[in-house]
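The values are calculated or read from the model by the stated rules, or taken from the named source; none is laboratory data. From a predicted model like this one, the values you see are computed outputs, not experimental measurements. Here the Cβ is made from the backbone with ideal geometry for all residues, glycine too, and neighbour counts use every protein chain on show.
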Amino acid sequence: MGRKILLDKINIPGIKTYEVYRQNGGYASVEKALKQMTPDEVTEEVKTSGLRGRGGAGFPTGLKWSFIDKKSGRPRHLVCNADESEPGTFKDRYLMEYIPHLLIEGMITSSYALGANLSYIYIRGEYMWVFKILERAIKEAYAAGWLGKNILGTGYDLDLHVHCGAGAYICGEETALIESLEGKRGNPRIKPPFPAVNGLWQNPTVVNNVESIATVPWIVLNSGEEYAKIGIGRSTGTKLISASGHIKNPGVYEIELGLSVDEFMNSDEYLGGMLNDRPLKALVPGGSSVPILPANLIFKTANGEDRLMTYESLSDGGFATGSMLGSGGFIVYNDTTCIVRNTWNFSRFYHHESCGQCTPCREGTGWLEKILHRIENGHGREEDIELLWSIQSKIEGNTICPLGDAASWPVAAAIRHFREEFEYHVRFPEKVKNRDHFVHEPFEKVRHLVGKTIV
Amino acid sequence: MIMEKYIYKQDINITPELMARINELLSHYPEDKKKSALLPVLHEVQDAHDNWLSYELQDKVAEILEIKPIEVYEVVSFYTMFNQKPIGKYMFEFCRTSCCATRGVEDLMDYTCNKLGIKEGETTVDGMFTVVGVECLGACGYAPMMQIGDFYHENLNQEKVDQLIADCRAGKITLHDK
């Protein structure tokens with residue numbers, strides 16, 4: 001059994017409520033931080049822990065905190081990014097729905113470290129019932145004296161509120177999230193200046209993922225050093241993984257970083273292997289934006305080493321033979337999946353979610369979607385595959401925010417690893433007329449028609 | 001060209017309860033940052049007005065928040081959860097992104113549309129149901145799924161869809177958590 005830090009109390013009946021949460025040691029980190037530690041000491045513990053941002057980018061949380069502008073004297077804010085919208089990711093929702101006070105406790109302790117007196121949780125609009133759960137939990141925390149003026153008699157004031165979005169993936173990008181919190185369209189801002197200097201209402205702001213903030217109470221109570229003992233190398237601690245697709249046990253799992261992909265996928269403690277025992281075809285290990293891996297690169301890296309659930313191991317080999325841990329959205333595909341169709345599906349998503357600000361992304365994502373759609377439906381041309389490659393390479397790196405990169409990477413990886421499948425669609429249009437074309441005749445059975453072996 | 005604002009009419013009714021809720025939301029932001037409350041306020045106002053926002057209603061929101069109408073229009077048109085036209089009482093929003101597609105949402109949407117006699121994006125003539133495909137709702141492990149109002153209905157199959165339709169017709173489905 002792996003160690004549980006975030007989900008260790010999730011099965012206690014009534015843990016959603018303030019009373020039960022408090023009886024089980026809840027809010028102890030607030031007491032410890034406010035009464036026994038300075039804000040800088042809290043930040044130091046988080047730095048020592050090696051905790052990396054759990055939203056996808058993996059940037060060290062403590063380092064991010066240390067960038068906040070404390071000299072200007074302007075009010076500071078902590079904003080929790082609960083706009084979880086990356087396809088394949090549903091861990092934050094689980095945490096907020098079942099143990100909302102853990103996030104609130106983390107928000108108080110983290111706000112104290114940053115010297116913020118007004119903080120927000122920005123939750124996606126579709127999670128409206130979770131918004132209501134958090135609203136009620138915040139009211140309970142106010143009533144119990146954990147929020148408001150002069151918390152625990154220490155002189156520290158904090159107001160915390162929950163704010164809802166309204167259905168825009170782009171608002172998960174931190175500057176777009178800030179724009180949205182200001183009541184505007186979610187168009188990302190050009191960086192620099194970074195939010196740590198010019199964020200919400202031009203005040204210094206830190207934006208952190210739900211899971212990152214929910215980890216802070218444990219670090220404060222048990223020390224950063226203890227946290228850093230879990231995991232391997234620069235991948236410290238535990239990570240929530242949202243598992244979906246063709247597996248026996250989909251759901252949210254907390255794992256110690258360093259667990260092997262093989263054990264995670266196949267042991268009964270975790271995913272329990274493939275649904276209906278069909279062959280594994282591909283894996284997206286960190287949410288839709290990260291490169292897809294073909295079966296031969298899932299359990300072993302290109303060097304033949306075991307692939308582990310860590311930031312480093314999953315990206316081993318770069319984009320040529322690796323991927324990324326990302327947000328931990330672990331999507332498994334079996335042999336009935338059509339990679340072209342799936343890539344089209346992702347491209348439709350990015351086209352739909354592009355904010356329209358940068359031309360390469362606004363136009364490029366539309367081109368990707370249309371071309372993939374025609375290939376998938378048997379109207380593709382041989383030169384379309386090169387065209388797709390060319391378009392994705394012209395989006396990547398040429399946009400204000402990373403949505404452009406996120407739209408390019410899945411297309412590039414699909415062509416890199418599954419080029420034969422694209423060729424098959426172009427050359428045998430009559431065979432791909434129905435959307436379930438690989439359900440009765442998986443690609444492995446018709447691969448020989450393309451006439452090449454995979455390189 | 002006839003603008004849509006002249007086609008669809010909406011009765012605007014900002015009840016005292018709704019106004020109290022709006023004021024509560026406004027209290028979450030600094031006094032000079034009323035505009036920040038725009039998204040949460042629009043959700044509340046839309047929920048209280050048959051789940052859509054006419055131009056007149058958007059103007060009303062602008063008035064309450066002391067901002068220009070264009071600042072509301074540009075936001076309403078950006079975010080997908082705000083409807084600018086009347087929709088069915090029960091909007092079935094099926095997640096159609098990869099993980100749900102992998103677990104058969106496309107077939108299930110076809111089934112639902114056939115059963116209701118409409119195409120995707122359409123509303124039944126009695127104004128009861130609208131079926132739309134939306135992008136990832138963050139329920140990938142519980143696919144296929146759909147959202148009705150504030151709530152998710154997960155691990156769906158044809159029988160469960162039949163039951164949901166029957167429950168909607170019988171008025172047994174809660175739309176909003178108030």
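Quick check on segment B:13-20. Is at least one of its residues within 14 Å of chain A (Cβ to nearest Cβ), closer than 21 Å to residue A:138 by Cα and at pLDDT 95 or above?
Taking segment B:13-20 and keeping what is within 14 Å of chain A (Cβ to nearest Cβ), we get none.
No: zero hits.
Give the residue that is nearest to residue A:88 (Cα to Cα), with candidates limited to residues of segment B:119-178 that are among the acidic types (Asp, Glu) and free of Cβ contacts under 8 Å to residues at least 40 places away in the same chain.
Our first condition is that a residue be among the acidic types (Asp, Glu); within segment B:119-178, this holds for B:120, B:122, B:126, B:135, B:150, B:154, B:159, B:162, B:167, B:177.
Retained after the next criterion (residues that are free of Cβ contacts under 8 Å to residues at least 40 places away in the same chain): B:120, B:122, B:126, B:150, B:154, B:159, B:167, B:177.
Working: B:120: 24, B:122: 28, B:126: 36, B:150: 21, B:154: 15, B:159: 25, B:167: 30, B:177: 26 Å.
The residue in question is B:154.
Picking from B:100, B:113, which residue would you name as being surrounded by 18 or more Cβ atoms within 10 Å (Cβ to Cβ) and away from chain A (no Cβ under 12 Å)?
Just one listed residue meets the conditions, B:113.
Exactly one of (1) more than 8 Å from every other protein chain (Cβ to nearest Cβ); (2) in a helix (DSSP H, G or I) is unmet by residue B:74. Its number?
Among (1) more than 8 Å from every other protein chain (Cβ to nearest Cβ); (2) in a helix (DSSP H, G or I), residue B:74 violates only (1).
Given the criteria within 14 Å of another protein chain (Cβ to nearest Cβ), under 19 Å from the mean Cα position of the chain (by Cα), assigned to a loop (DSSP other than H, G, I, E, B) and not aromatic (Phe, Trp, Tyr), does residue A:332 qualify? Walk me through how you get there before you give the answer.
On the way: within 14 Å of another protein chain (Cβ to nearest Cβ): yes; under 19 Å from the mean Cα position of the chain (by Cα): yes; assigned to a loop (DSSP other than H, G, I, E, B): no; not aromatic (Phe, Trp, Tyr): yes.
Answer is no for this residue.
Does residue A:31 fit the bill of being free of Cβ contacts under 8 Å to residues at least 24 places away in the same chain, assigned by TED's automatic domain parsing to the domain that holds residue A:213, not aromatic (Phe, Trp, Tyr) and not in a loop (DSSP other than H, G, I, E, B)?
Details: free of Cβ contacts under 8 Å to residues at least 24 places away in the same chain: no; assigned by TED's automatic domain parsing to the domain that holds residue A:213: yes; not aromatic (Phe, Trp, Tyr): yes; not in a loop (DSSP other than H, G, I, E, B): yes.
For residue A:31, the condition - free of Cβ contacts under 8 Å to residues at least 24 places away in the same chain, assigned by TED's automatic domain parsing to the domain that holds residue A:213, not aromatic (Phe, Trp, Tyr) and not in a loop (DSSP other than H, G, I, E, B) - is not met.
So residue A:245 clears everything in (1) crowded, with 23+ Cβ neighbours inside 10 Å; (2) within 24 Å of residue A:134 (Cβ to Cβ); (3) not assigned by TED's automatic domain parsing to the domain that holds residue A:60 except one condition, right? Which one?
Failed condition: (2).
Of everything in segment A:383-401 that's not β-branched (Val, Ile, Thr) and not in a helix (DSSP H, G or I), which residue is nearest to the chain's Cα centre (by Cα)?
So the first thing to find is which residues in segment A:383-401 are not β-branched (Val, Ile, Thr), and the list is A:383-384, A:386-390, A:392-394, A:396-398, A:401.
Pick out the ones that are also not in a helix (DSSP H, G or I) and you get A:383, A:396-398, A:401.
Numbers: A:383: 34, A:396: 19, A:397: 20, A:398: 22, A:401: 16 Å.
Among residues in segment A:383-401 that are not β-branched (Val, Ile, Thr) and not in a helix (DSSP H, G or I), the one nearest to the chain's Cα centre (by Cα) is A:401.
Of B:60, B:119, which residue is in a loop (DSSP other than H, G, I, E, B) and of a type outside the set (A, V, I, L, M)? Working first, answer last.
On the way: B:60 fails: in a loop (DSSP other than H, G, I, E, B).
Only one candidate qualifies: B:119.
Among A:266, A:249, which is over 25 Å from residue A:377 (Cβ atoms), modelled with pLDDT of 95 or more and within 12 Å of chain B (Cβ to nearest Cβ)? Full working, then the answer.
Details: A:266 fails: within 12 Å of chain B (Cβ to nearest Cβ).
Being over 25 Å from residue A:377 (Cβ atoms), modelled with pLDDT of 95 or more and within 12 Å of chain B (Cβ to nearest Cβ) holds for just one of A:266, A:249, which is A:249.
Out of A:404, A:380, A:364, I need the residue that is in a loop (DSSP other than H, G, I, E, B) and either at pLDDT 95 or above or in contact with a Leu (Cβ under 7 Å, 6 or more places away or on another chain) (or both). Which one?
A:380
Residue A:136 - would you say it is facing chain B (nearest Cβ under 9 Å) and at pLDDT 95 or above?
On the way: facing chain B (nearest Cβ under 9 Å): no; at pLDDT 95 or above: yes.
No; evaluated as a whole, the condition is false for this residue.
Could you say which residue among A:189, A:185 is surrounded by fewer than 23 Cβ atoms within 10 Å (Cβ to Cβ) and within 7 Å of another protein chain (Cβ to nearest Cβ)?
None of the other options fit; the residue is A:185.
Among (1) without any contact (Cβ under 8 Å) to a residue 24 or more places away in the chain; (2) in contact with a Lys or Arg (Cβ under 8 Å, 6 or more places away or on another chain); (3) assigned to a helix (DSSP H, G or I), which single condition is residue B:109 missing?
(1)
What are the residues in segment A:139-173 that are assigned to a strand (DSSP E or B), more than 14 Å from chain B (Cβ to nearest Cβ) and β-branched (Val, Ile, Thr), if any?
Within segment A:139-173, A:151 is the sole residue that qualifies.
What tally of residues in segment B:111-143 results from selecting those that are β-branched (Val, Ile, Thr) and under 14 Å from the mean Cα position of the chain (by Cα)?
Applying the first criterion (β-branched (Val, Ile, Thr)) to segment B:111-143 yields B:112, B:118, B:123-125, B:130-132, B:134.
Those left that are additionally under 14 Å from the mean Cα position of the chain (by Cα): B:123, B:130-132, B:134.
So the count comes out to 5.
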